[in-house]
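The values are calculated or read from the model by the stated rules, or taken from the named source; none is laboratory data. The structure presented is a predicted model; accordingly, all values stated were derived computationally and were not measured. Using ideal geometry, Cβ is built from the backbone for each residue, glycine included, and neighbour counts are taken over all protein chains shown. Remember, those area values only see protein heavy atoms, side chains included, never the ligands or the DNA or RNA. Shrake-Rupley method; radii C 1.70, N 1.55, O 1.52, S 1.80 Å.
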Amino acid sequence: MDNQTKINAGRFFEDFTLNEVIQHATPRTITAGDSALYIALTGARNPMHCSAPFTHSLGYHTIPVDDLLAFHIAFGKTVPDISTNAVANLGYADVRFSKPIFVGDTLTTTSQVIGLKQNSSGQSGVVWVRSTTTNQQNIEVLSWVRWVMVHKNELNVPAPTTVIPDLPSHVSLDHLYIPPYFKAHDEISMSTGGQYFWDDYQAGERIDHLAGATINPAEHTLATRLYQNNAHLHCDDHLMKKSNFGQRLVYGGGVISLCRSLSYEGLENALIILAINAGTHANPSFAGDTIYCVTEVIDRYTLPDRNDMGALRLRMIGIKNMLPSELNEIKSGSKYHPNVALDLDYTVAMPRRGN
Amino acid sequence: MDNQTKINAGRFFEDFTLNEVIQHATPRTITAGDSALYIALTGARNPMHCSAPFTHSLGYHTIPVDDLLAFHIAFGKTVPDISTNAVANLGYADVRFSKPIFVGDTLTTTSQVIGLKQNSSGQSGVVWVRSTTTNQQNIEVLSWVRWVMVHKNELNVPAPTTVIPDLPSHVSLDHLYIPPYFKAHDEISMSTGGQYFWDDYQAGERIDHLAGATINPAEHTLATRLYQNNAHLHCDDHLMKKSNFGQRLVYGGGVISLCRSLSYEGLENALIILAINAGTHANPSFAGDTIYCVTEVIDRYTLPDRNDMGALRLRMIGIKNMLPSELNEIKSGSKYHPNVALDLDYTVAMPRRGN
Amino acid sequence: MDNQTKINAGRFFEDFTLNEVIQHATPRTITAGDSALYIALTGARNPMHCSAPFTHSLGYHTIPVDDLLAFHIAFGKTVPDISTNAVANLGYADVRFSKPIFVGDTLTTTSQVIGLKQNSSGQSGVVWVRSTTTNQQNIEVLSWVRWVMVHKNELNVPAPTTVIPDLPSHVSLDHLYIPPYFKAHDEISMSTGGQYFWDDYQAGERIDHLAGATINPAEHTLATRLYQNNAHLHCDDHLMKKSNFGQRLVYGGGVISLCRSLSYEGLENALIILAINAGTHANPSFAGDTIYCVTEVIDRYTLPDRNDMGALRLRMIGIKNMLPSELNEIKSGSKYHPNVALDLDYTVAMPRRGN
C-alpha cells in the first residue's frame, strides 16, 4: 500500500493559483502560558504585555498580548500550506497590527495568493501571499504580505503568468491602529523606565543597544514549536546536517523578537508596534549566535486625531557575533555585512511628552 | 547524627507487597501554563487542545487538556514511590483515558501492586502496578498498568510468591470513553487541516510521517520536570556519566509525545486518544537524537452508540536518527532495529465522514 | 549624532547616593504561565504551589505563587538600576516574605541605598540597598537587603562617606509571617509525601539530599529572562567569552531554586519560606554543572500565637559536580570548598505533629 497517501507534503510552486484563498489549520487560543513563555524566550520587558495595572492606566481592560507573539502564532499557521517546501523566505511587507489581541482570543489565518513568478531555471518560483488573521469574532487583527521562493515538483507544468503585486513601501497611515480608548500619560516612565518620549527622537538618529542575547539550541526550537511553526529546517537536525547549512536554522521571527527585546534600552516608551513596513532576513542565524541590535530612526510623524501619541518609523538591524559599535555603515541588499541577520523597517507608537 | 534518616530513597523490590495501595504525593492542578509548555515542548497542533471555538463546536464547554500531557503529569507522581530504583521501565498496558481533563482540574494518583516476580539472580524483580488518577471530584480520569524492574536492596529477604497479572491485549471496548455531549462534524477539516476521516483508513495501512524532531538537552529535562517526574536518570548528568549510558536518558513518555506530534500529518483527525493498549521503549533515547515516526493501522472498528465517530487501533513506531523510509519491516521484542525507540499500540477516536 | 544618548547604561558606584530611593521599572503581573515555567525550570514539587485543593485545605482561597519565583521576579526588576555594572553580588540579608502572593498579583519594586563604601583601589565600591516589593494594593509583600560591588566610571569623583548598615544576623521573629487563616493539619502528609514534622527535626542535624540537577544552557537563560533579569553576564556569551570566566554565569538565584527543589526529599513539609537570613554565592555556576544540596538544621523554635506550626532555621549548601557525601566539613568565607556554590541561611514554617 502506498505509504504516503495520507501525508500532506505541502504545496510546490505549481500548486499555487493566483487569487486562490487558503484556509490554514489550527485555530489557536492564546493563553497566559503563551505570554509567560514569550517572556522567558525573549526577555521582553515592555510593561504593556506584563502589567495589568499599567495597561489599565492606559485605558485597556486587560493586558494585550505582545504584538510579535501574536504575529508569530498567526504566521506559524501559514507554514504547512505556504512554506513547507520553501527554499527561502524572501521578505515581508505591509504588516498591519489591526487590533489588539488579548489572552483568550482565538486566531485563525487565511492566505490569498497575490503574485506568482517562475524562476528562469524552471526549478522554483516566487509566491506572494497576503495573509489575514481574524479573532473569534471574525474581526481582522493582523494582516501581512510575505513572499517565498518555493521548489517546483512537476517541472513540466507550464509556468503561470507572471504577476508581481504592487507593494507599498510602508504601511499607510490609515492602517496604523491605536485603540480609541487608549490614553497616554507621562507617568508611564515609572513603569517603562524610559525618560525619552516621541518628542526626543529625530530622523537620522542611531541607537546602539548594549545588550546581547545568545541563542541556545532549545530556545529557538521551543519558540518555533510554541508558534506551531512546523518548518523542518528549524526542528530536524538529522535532515539539516545534510543541507548546505549543516545544522538547523533559527526561525527568523525569533530574531525579530530578540531584537525587539534587546532594543528595549533606548526605546522604552515604544509601547505599541503599529506596523512592519518591510523586512529581510539578511543572513541566517544558528544556535550559539549572539544577537545584538542597532536602531536607526527613519522618520517621526504625528498621528491623525491623537495629541498624546506619535509614530516613529525605525530600522531594526540585527547583528550576530559582533558588537553594534563594530558595525559602521549599514548597507542593504547584496551588500549586507555577513554578520547582519535582520533588516526590519517598522513603525511604533510612542507617547508624546506632556500628557 | 545519621544524615540520611529523613530521606525517602524510594522502594526497593522487597518493599513492595502484593495488593498494597500506595498514595502518591503532589496533587497537581493543571493550568494554561502547562498546556502552553506542552505545545512548546512537543509541537502539538491538535486543535482539540489549543482552540476554544473548535472544542465548543464539538460540544465541550472549554478546551480539554492534551491526553498525553495529563498522562505524563499523572505518571510523574508515581515515580518517587514506584520507579526511583528501577532498572528499567518494561512496559505499559491497559491505559484508559477515562474522562476528559480540563484546565483547573487537580489530579491525584494512587497505585496498587498487582504483580511481583523476583528475578532468578535474586538481585532484582519485576513489579506490576495498576495506577489510577482521580480529579478533584474523586472521579477516575486515567488508569494504567505498568511494570518495572526494580533493584533489591536487602538481598536476604525471601522472594515473594510470584504473581503475574493477567493483562488484556488491548483496552476493552467498554473502557473507551467519548463524552456523551461530543458531536463530530465534517467542518473539523478546516481546523485540523486533515481531509481523511475514519472511513478512509484500513487495517494494514502504513503511514511514514515526514517530520523529524531533534531533542535538545533542555527540552527533555524541562518536560520531565514539568511532569514532576524526579527520576535521577533523566536529570542528573553527574550520576549518569558513570552509568553504562554515559549520559542522561530521555524520559520515554517524552518520545511518545513527540511521536504523537510528528504523526499529526496523516492523522489530523485523530482527535482523541481513547487508550494505550501496550507500549515498549525498545531502545533508549538521548539528547541530540532526532525522532521520526511511522504509523501502522492495526484495526478499524465502530463504536457502540456512535454514528459520528469510529475507532482506529494504531501502532506508533518511534525511530531515531533514521528516516521512516529507511525502516523496512518493523520487528518486535529482541529483534527491534537498534534505531527503533518506541513501539506503542494505541487507539484513537476519529470522526466518520458525513456528519 | 551621539549614538548612545538614549541608552541607560546602568549606575556606576559614583551614581549612588545614600538614602536615595530608586523606583524600578516593569511592574509585573504574575500568571499561571509563570508558575508552570517555574516547575519546568526547577522541578519544584511543593503542593503549596501546584495544588488548589491542598491549599484550600490549609485555609487559602487559591494557590499562592512559589516564594522563590516571586522573589526572583521582584529581584529581577532591580538589576537594570542596581547591578548592571556589578562586579559581584556579595550577599543577601534580612529577606522577608511579608505576605503571600497569588496569580494575578502585580509586583512593583523600589530600592533605597542604605550603605556605601568605596574600595581602597578607588576603582569600585560596595553598595547596600534595601529593596521593597509591593502588590497592586500597595501592600508590602517582599523586602530584602543585598550588597553588590559596582565599578566606578568617573574615577575622580570623590569617595562618599563610608556608611555600612547594621544588618540583623537573621530576620526577626516579628517579620516572620504566616497568614492568620492558615491552619495546618496532619493530612498534609498524603499530599507532600513527607512523614516528618517540625517536632522531628533537631539543631545540628544534617540531611544529604540524594537528587542532583544538571543545568542545561537554555534552562538558566530561560529562567533569567522569565524573571526579566537582564544582567549581561547571564545572557551574552559573546561578551562573556572575553571575561575571566570564559562563558556565561548562571544567575545565582537559579541555584537557590534548584537547591530548594533538590532538598524536597527530607524537607517535604517545609511548606513556607518565612525568611532568608543571609546568603552567599560561594562560587559561580556554569551551564553543565550538576547541583546537589545538603541541609543543616541550625535551629528549631516555636512561633508566637501558633500551636500548629513551628519554624526551622536551615542552612542550604549548594554543591556542584560532587556528591553531598563527598563534602565533609562545610567551611565558610575564604575557606569554601571550590565545589560549594551556595551557602544560604533561611527559615521555613513546618507543621507540628498532632493537628
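Tabulated data for the structure shown
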| quantity | calculated |
| --- | --- |
| Top-ranked residue in the stretch A:11-29 [being in a loop (DSSP other than H, G, I, E, B) and more than 9 Å from every other protein chain (Cβ to nearest Cβ); ranked as most open to solvent (accessible area, probe 1.4 Å)] | A:Asn19 |
| Candidates B:Asn153, B:Asn138 - the one that is open to solvent by 30 Å² or more (accessible area, probe 1.4 Å) and on the phi > 0 side of the Ramachandran plot | B:Asn138 |
| Every residue from the stretch C:202-225 that is under 18 Å from the mean Cα position of the chain (by Cα) and part of a helix (DSSP H, G or I) | C:Glu219, C:His220, C:Thr221, C:Leu222, C:Ala223, C:Thr224, C:Arg225 |
| Residues of the stretch C:187-224 classified as without any contact (Cβ under 8 Å) to a residue 40 or more places away in the chain and over 22 Å from C:Arg45 (Cα atoms), total | 0 |
| Among the residues listed as A:Ser83, A:Ser98, the single one being under 20 Å from the mean Cα position of the chain (by Cα), surrounded by fewer than 22 Cβ atoms within 10 Å (Cβ to Cβ) and more than 14 Å from chain C (Cβ to nearest Cβ) | A:Ser98 |
| Test: residue in the stretch C:250-260 that is more than 17 Å from the chain's Cα centre (by Cα) and among the charged types (D, E, K, R) | no |
| Some residue of the stretch A:178-187 being modelled with pLDDT of 95 or more, β-branched (Val, Ile, Thr) and buried (at least 17 other Cβ atoms within 10 Å of the Cβ) | yes |
| Filter pass, A:His281 being within 24 Å of C:Leu239 (Cα to Cα) and over 19 Å from the mean Cα position of the chain (by Cα) | no |
| Within the stretch C:203-228, tally of residues that are more than 8 Å from chain B (Cβ to nearest Cβ), open to solvent by 20 Å² or more (accessible area, probe 1.4 Å) and not aliphatic (A, V, I, L, M) | 0 |
| Qualifying residue in the stretch B:51-67 (condition: within 11 Å of another protein chain (Cβ to nearest Cβ), polar (S, T, N, Q) and open to solvent by 10 Å² or more (accessible area, probe 1.4 Å)) | yes |
| Options B:Asp199, B:Asp174; residue that is within 14 Å of chain A (Cβ to nearest Cβ), open to solvent by 20 Å² or more (accessible area, probe 1.4 Å) and not in a loop (DSSP other than H, G, I, E, B) | B:Asp199 |
| Any chance B:Lys77 is in contact with a strand residue (DSSP E or B) (Cβ under 6 Å, 6 or more places away or on another chain), of a type in the set (D, E, K, R) and either open to solvent by less than 10 Å² (accessible area, probe 1.4 Å) or within 14 Å of chain C (Cβ to nearest Cβ) (or both) | yes |
| Selection from the stretch C:103-126 of residues that are open to solvent by less than 10 Å² (accessible area, probe 1.4 Å) and in contact with an Asp or Glu (Cβ under 9 Å, 6 or more places away or on another chain) | C:Ser111, C:Val113, C:Gly125 |
| Residue, farthest from the other protein chains (Cβ to nearest Cβ), within the stretch B:32-44, restricted to residues that are under 27 Å from B:Pro180 (Cβ atoms) and of a type outside the set (Phe, Trp, Tyr) | B:Ala44 |
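Residues are listed down the side, and each one gets a yes or a no for (1) away from every other protein chain (no Cβ under 13 Å); (2) among the charged types (D, E, K, R); (3) within 26 Å of A:Ser35 (Cα to Cα):
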| site | (1), (2), (3) |
| --- | --- |
| A:Thr192 | no, no, yes |
| A:Met240 | no, no, no |
| A:Ile256 | yes, no, yes |
| A:Asn269 | no, no, yes |
| A:Ile272 | yes, no, yes |
| A:Asn277 | yes, no, yes |
| A:Cys293 | no, no, yes |
